[in-house]
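Undergrad: Questions regarding the structure given below will be posed in turn.
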Amino acid sequence: MILRLSSNAQRAVIVVASFAVALILSYFSIRNALAAHYAGLQTAEAYERAAHLEPADPRNWYLLGRYWQYNLEEPDASRAIRSYLSALSLNPASSEIWLDLASAYESEANVVAARDAFLHAKKVYPLSAEVSWRYGNFLLRQGELEPAFTEMRHAVEADPKRAAEAFSRSLRAGSSIETTLDRVLPPISEAYLAVIWDQSKDGNTGNALKVWDRLASPHPRFSLQDSFPLVDALMAERRIAEASRVWDQAVLFAGLADLQGPQGSVLWDGGFESNVTGYGFSWLFSEGSRDVQIGIDTQEKHSGNRSVRLIFDGKSNINFAGVCHYVPVQPSTAYRFSAWVRARALTTDQGIRFQLHSLGTQDTSTAVTSDVHGSTPWTRIELPWSSGKDVQELQVCLVRFPSEEAENKIQGTAWVDDVALVPEPAEHPKP
């Protein structure tokens, strides 16, 4: 359809109207831009001006309310409440505004109004983790533990990362660990692991162990690395039996209980098959060893798929102890240590061997195997070893002692596989 204008006057009217519309739109656009500019300045005067320029925008009133509530220099809860109410009159469906209004009322000791605002937030957004979290904490501060636990559980279900804080706050409120586990933590592995990590980090290993036991009861599936914080904390406190129990359970949950290796050995992953290193009862590889390269070899091995390879570059008379393993043991028990070793052109009279170092309150004795040097095929080295009466842990290290001969700079390659520490059969007294 083509509009035909019959006179210059009509055309002039349309032009003027177009200019008027453009001016109006420009005015509102400029005013909106100015309001956004002032809001970005984050001062009381700027927020006030933004709200004056755009009084129909609830965001400006909300930002003004947050300024008066959270400004450390001149907080004013009354002004904050008035601003929040203005914002809610424009947007009553904002759980965010209702939550901050509730906090402002609570800071003024108006518990009734605060509770009402929290309930409005719940009505607006019943599935919100933030709403449940803040309302739950409000109820906790009022001493209403049961409804508080219900809300905090909802929050953790929606956001498992809140589990550690929910757990610690519940304990501080006077709840027992058992009640907190029953009422606050939902049966979500991620939530339990977050609590275990947090409690272990803070030195509350007893709490962490109780949470672990609750987590372990349904035999969940998760990564072995998830057990590292608790296992390492228990080991640091010399609670070796408990650390070993947690480790064995974690190995099972991670699907690593059937690694190929020597049967009956209490030394975990003696065949280097897991690719897990650096924590707990796994192999520890030194990263700072000079003049020797430590690596995994998938081509040369005694059994399974992997072995450890050491390459000495011939530059030094190295004193090496860069591959170690902590092993939980029973006190006053006889064991047989063994390992398979291969060498190729390994020079000097001091090759590689294993050193067994007892870790206990009294017994810190050391035993060493014979060494392997030169060029040898896969050879089994072994050593009988008995733990002392207070020994619960053994450190096993692959070592090379310095040579005292003139040609003492070691060069060549060695492989190690199938390391084991197996309890000896108990001797039965003769009749």
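Undergrad: Applying 1/(1 + (r/R0)^6) with R0 = 30 Å to the Cβ-Cβ distance of residue 296 and residue 379, what FRET efficiency is obtained, to the nearest 0.05? The partial results should precede the final answer.
TA: Values: r = 20 Å, r/R0 = 0.67.
Using R0 = 30 Å, I get an efficiency of 0.90.
Undergrad: If you place +1 on the Cβ of every Lys and Arg, -1 on the Cβ of every Asp and Glu, and leave all else neutral, what size is the dipole of the chain about its Cα centre, to the nearest 20 Debye? Mind showing how you got there, number by number?
TA: Working: 40 positive and 51 negative charges, 261 e Å.
Dipole about the Cα centre, nearest 20: 1260 debye.
Undergrad: To the nearest 0.05, how large is the calculated FRET efficiency for residue 390 and residue 188 if R₀ is 41 Å and r is the Cβ-Cβ distance? Provide the component values of the computation, followed by the final result.
TA: On the way: r = 40 Å, r/R0 = 0.98.
After rounding to 0.05, the efficiency reads 0.55.
Undergrad: Also, quick follow-up: With the full set of protein chains in place, find how many percent of the accessible area of the range 357-431 is carbon and sulfur; take the probe as 1.4 Å.
TA: Numbers: 2180 of 4190 Å².
The nonpolar share, carbon plus sulfur, comes to 52 percent.
Undergrad: Anything in the chain that counts as a DSSP H helix reaching 15 Å or more along its axis (C-alpha) with Kyte-Doolittle mean of at least 0.0? List them, would you? Before the final figure, lay out each step's value.
TA: Details: long enough: 8-41 (49 Å, 1.15); 58-70 (18 Å, -1.24); 77-90 (20 Å, 0.56); 95-107 (18 Å, 0.05); 111-124 (20 Å, 0.53); 129-141 (18 Å, -0.23); 145-158 (20 Å, -0.17); 189-201 (18 Å, -0.16); 205-216 (16 Å, -0.17); 240-253 (19 Å, 0.59).
For the chain, where a helix must reach 15 Å along its axis and average at least 0.0, the hits are 8-41, 77-90, 95-107, 111-124, 240-253.
Undergrad: On to the next question. Compute, for residue 210, the solvent-accessible surface of its heavy atoms (probe 1.4 Å) with the complete set of protein chains present, and express it in square angstrom to the nearest 10.
TA: 100 Å²
Undergrad: Also, quick follow-up: Can you divide the C-alpha Rg of the range 74-164 by 2.2 N^0.38 Å and report the result to two decimal places? Could the numbers behind the result be given before it?
TA: Working: Rg = 13.1 Å, N = 91, 2.2 N^0.38 = 12.2 Å.
That ratio works out to 1.07.
Undergrad: Another question about this same structure. Determine which aspartates and glutamates satisfy two conditions relative to residue 201: a Cα distance under 12 Å, and not lying fewer than 8 residues away in the same chain.
TA: 232
Undergrad: Do you know the relative contact order of the chain, to the nearest whole percent, from alpha carbon pairs under 8 angstrom that are 6+ apart?
TA: Details: 781 pairs, mean separation 42.4, N = 431.
Relative contact order, the chain: 10 percent.
Undergrad: Taking amide hydrogens as modeled 1.01 Å from N in the peptide plane, which residues meet the under 5 Å criterion relative to residue 322, leaving out close sequence neighbours?
TA: none
Undergrad: Contour minus end-to-end for residue 311 and residue 202, with contour as 0.36 nm per residue of separation and end-to-end as the Cα-Cα distance?
TA: Details: separation 109, 0.36 × 109 = 39.24 nm, distance 4.08 nm.
Gain on stretching residue 311 to residue 202: 35.2 nm.
Undergrad: Per 0.36 nm of contour for each residue apart, how much would the distance between residue 321 and residue 56 grow if the chain were fully extended, relative to their Cα-Cα spacing?
TA: Gain in length upon complete extension: 88.1 nm.
Undergrad: Still on this model: If I ignore ligands, DNA and RNA and count only protein heavy atoms, how much of residue 269 is accessible to a 1.4 Å probe, in Å² to the nearest 10?
TA: Counting only protein heavy atoms, residue 269 exposes about 10 Å² to solvent.
Undergrad: Using amide H atoms built in the peptide plane, which far-off residues or other-chain residues are under 5 Å from residue 379 H to H?
TA: For residue 379, the qualifying residues are 341, 342.
Undergrad: Under 27 Å between alpha carbons, and skipping anything fewer than 8 positions from residue 389 in its own chain: which lysines qualify?
TA: Of all the lysines, those that pass the test against residue 389 - Cα under 27 Å, at least 8 places apart if same chain - are 430.
Undergrad: Using the basic label-point model (7 angstrom from Cα toward the beta carbon), what is the residue 332 to residue 289 distance in nanometres?
TA: Simple spin-label model gives 3.7 nm for this pair.
Undergrad: In addition: Can you give me the long-range amide H partners of residue 391? Hydrogens built in the peptide plane at 1.01 Å from N, cutoff under 5 Å, separation of 5 or more residues or another chain.
TA: Placed amide hydrogens put 332 under 5 Å from residue 391.
Undergrad: Continuing with this model, one more query. Roughly speaking, to the nearest percent, how much of the range 151-302's 1.4 Å accessible area is carbon and sulfur?
TA: Answer for the range 151-302 is 45 percent, counting heavy atoms of protein chains only.
Undergrad: Still on this structure, I have one more. Short version: ³J(HN,Hα) in whole Hz for each residue of the range 412-420, in order, from phi by Karplus 6.51 cos²θ - 1.76 cosθ + 1.60 (θ = phi - 60°), x for Gly and Pro, what are they?
TA: x, 10, 9, 10, 9, 7, 6, 7, 8
Undergrad: How large is ³J(HN,Hα), in whole Hz, for each residue of the range 373-388 in order, when computed from phi with the Karplus curve 6.51 cos²θ - 1.76 cosθ + 1.60 and θ = phi - 60°, using x for Gly and Pro?
TA: 8, x, 10, 9, x, 4, 10, 8, 10, 8, 7, x, 8, 10, 7, x
Undergrad: So what's the back-of-envelope 222 nm ellipticity for the chain, counting only DSSP H runs of four-plus at -39500 (n - 2.57) apiece and dividing by all residues, rounded to 500?
TA: -14000 deg cm²/dmol
Undergrad: Test of understanding: what is the full-extension gain from residue 72 to residue 127, defined as 0.36 nm times their sequence separation minus their Cα-Cα distance? Walk me through the numbers on the way to the answer.
TA: Working: separation 55, 0.36 × 55 = 19.80 nm, distance 3.17 nm.
Length difference between fully extended and current span is 16.6 nm.
Undergrad: In whole Hz, with x marking every Gly and Pro, tabulate ³J(HN,Hα) for the range 350-366 from phi via Karplus 6.51 cos²θ - 1.76 cosθ + 1.60, θ = phi - 60°.
TA: Each residue's phi maps through the Karplus curve to give 10, x, 10, 8, 10, 10, 10, 10, 6, 10, x, 5, 10, 7, 10, 5, 10 Hz.
Undergrad: Continuing with the same structure: If you roll a 1.4 Å probe over the heavy atoms of the protein chains, what accessible area per residue do you get for the chain, in Å²?
TA: Numbers: 22220 Å² over 431 residues.
Normalised by residue count, the accessible surface of the chain is 52 Å².
Undergrad: In square nanometres, what is the average projected area of the Cα convex hull of the chain? Don't skip to the end; give the middle numbers.
TA: Values: hull surface 159.7 nm².
The Cα convex hull of the chain, projected and averaged over all directions, gives 39.9 nm².
Undergrad: Based on the Cβ-Cβ distance from residue 82 to residue 179, what FRET efficiency comes out when R0 is 30 Å, to the nearest 0.05? Numbers along the way, then the final one.
TA: Numbers: r = 41 Å, r/R0 = 1.36.
Here the calculated transfer efficiency is 0.15.
Undergrad: Still on this structure: Please enumerate, by chain and number, the lysines with C-alpha under 20 Å from the C-alpha of residue 315, excluding those fewer than 8 residues away in the same chain.
TA: Of all the lysines, those that pass the test against residue 315 - Cα under 20 Å, at least 8 places apart if same chain - are 409.
Undergrad: In addition: Counting only protein chains, not ligands or nucleic acids, how are 410, 294 ordered by accessible area (probe 1.4 Å), most first?
TA: On the way: 410 0, 294 50 Å².
So, going from the largest accessible area down, we get 294, 410.
The values are calculated or read from the model by the stated rules, or taken from the named source; none is laboratory data. Owing to the predicted nature of the structure, the values given are computational and were not obtained by experimental measurement. Quick reminder, even Gly has a Cβ in these numbers, built from the backbone with ideal geometry, and neighbours come from all protein chains shown. With ligands, DNA and RNA removed, areas are computed over all heavy atoms of the protein, side chains included. Shrake-Rupley method; radii C 1.70, N 1.55, O 1.52, S 1.80 Å.
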